[in-house]
Amino acid sequence: MTIKITKCSREDLQTLLKISIDTFHDTFKDQNTPENMQAYLAKAFHSEQLERELANPSSDIYFVYFNDEVAGYLKVNVNDAQSEKMGEEFLEIERIYIRNQFQNHGLGKHLLNKAIEIAMHKNKSKVWLGVWEKNRKAIAFYNKMGFIQTGAHTFYMGDEEQTDFIMSKTLV
């Protein structure tokens, strides 16, 4: 078993597009209407949007490979790229997604540790993320990794207003 994490570049756009759509859809399809899912996927994961994200100097995206196969990805943001104004001391983990067939191999933990490593390298003292209030598995994982709920914000899945818990962790 080999695990490798590499930074995405413009050349990875099509792979990023596919894994973004696949992982988001697989994770949330059972709790949302097909119409809301399609509306969100069309807005959040199209080539132009992902190109902007890859080009933003305040965002970084990484693939995690499991035995040389792309198994998931991580997106982190600092400064003005954060989806909420949290301040200069924060790094946001915007996305950690793992393909279903690669779940339960510790890949999420590897990506979370990568995000913390990036935060420390960028001299950030805190890390935060938003997680859907109904995603109990993810909330339990983040609690286990030392995150605590510090707030909430609204998230729209198509036309449905949902609540994301804001969870944060202070780095030592």
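Per the helix-only calculation at 222 nm, which mean residue ellipticity applies to the chain, given -39500 (n - 2.57) for every DSSP H run of n ≥ 4 and division by its residues, nearest 500 deg cm²/dmol?
The per-residue figure over the chain is -11000 deg cm²/dmol.
At 1.4 Å probe size, with every protein chain present, just tell me what the per residue accessible area of the chain comes to in Å².
It amounts to 53 Å² per residue over the chain.
Please give the FRET efficiency for Lys4 paired with Ile148, using the beta carbon to beta carbon distance and R0 = 30 Å, rounded to the nearest 0.05.
Numbers: r = 31 Å, r/R0 = 1.02.
Calculated transfer efficiency: 0.45.
First compute the accessible area of the chain with a 1.4 Å probe, then give the percent of it belonging to carbon and sulfur atoms. List each step's numbers first, then the result.
On the way: 4420 of 9130 Å².
C and S atoms contribute 48 percent here.
Between Asn104 and His121, what is the spin-label point distance in nm, taking each point 7 Å from the Cα along the Cα→C-beta axis?
For the pair Asn104/His121, the computed spacing is 3.2 nm.
Check the straight Cα-Cα distances from Lys7 and name the lysines below 24 Å, setting aside those fewer than 8 residues away within the same chain.
Of all the lysines, those that pass the test against Lys7 - Cα under 24 Å, at least 8 places apart if same chain - are Lys18, Lys43, Lys75, Lys109, Lys114, Lys122, Lys124, Lys126, Lys169.
Hey, what did the chain get for relative contact order, percent, Cα under 8 Å, at least 6 apart? Walk me through the numbers before you get to the answer.
Numbers: 279 pairs, mean separation 34.6, N = 172.
It rounds to 20 percent for the chain.
Dipole magnitude of region 55-172 about its Cα centre, charges +1 at Lys/Arg Cβ and -1 at Asp/Glu Cβ only, in debye to the nearest 20?
Around 520 debye, computed over region 55-172.
Subtracting the Cα-Cα distance from 0.36 nm times the residue separation, let me have the gained length for Asn113 to Tyr156 in nm, one decimal.
Contour length minus the Cα-Cα distance gives 12.7 nm.
Starting from the Cα gyration tensor of the chain, multiply each eigenvalue by 5, take the square root, and state the resulting semi-axes largest first in whole Å.
21, 20, 17
State the percent of C-alpha pairs, over all pairs in region 57-116, separated by a distance greater than 16 angstrom.
Distances greater than 16 Å cover 44 percent of the Cα pairs.
With the contact rule set at Cα under 8 Å and sequence spacing of 6 or more, what percent relative contact order holds for region 88-170?
Details: 107 pairs, mean separation 24.9, N = 83.
Contact order relative to length: 30 percent.
The values are calculated or read from the model by the stated rules, or taken from the named source; none is laboratory data. All of these numbers come straight from a predicted model, not from anything done at the bench. Methodologically, a virtual Cβ is constructed for each residue, glycine included, from the backbone with ideal geometry; neighbour enumeration extends over all protein chains shown. Keep in mind that these areas ignore ligands, DNA and RNA; they rest on the heavy atoms of the full protein, side chains included. Shrake-Rupley method; radii C 1.70, N 1.55, O 1.52, S 1.80 Å.
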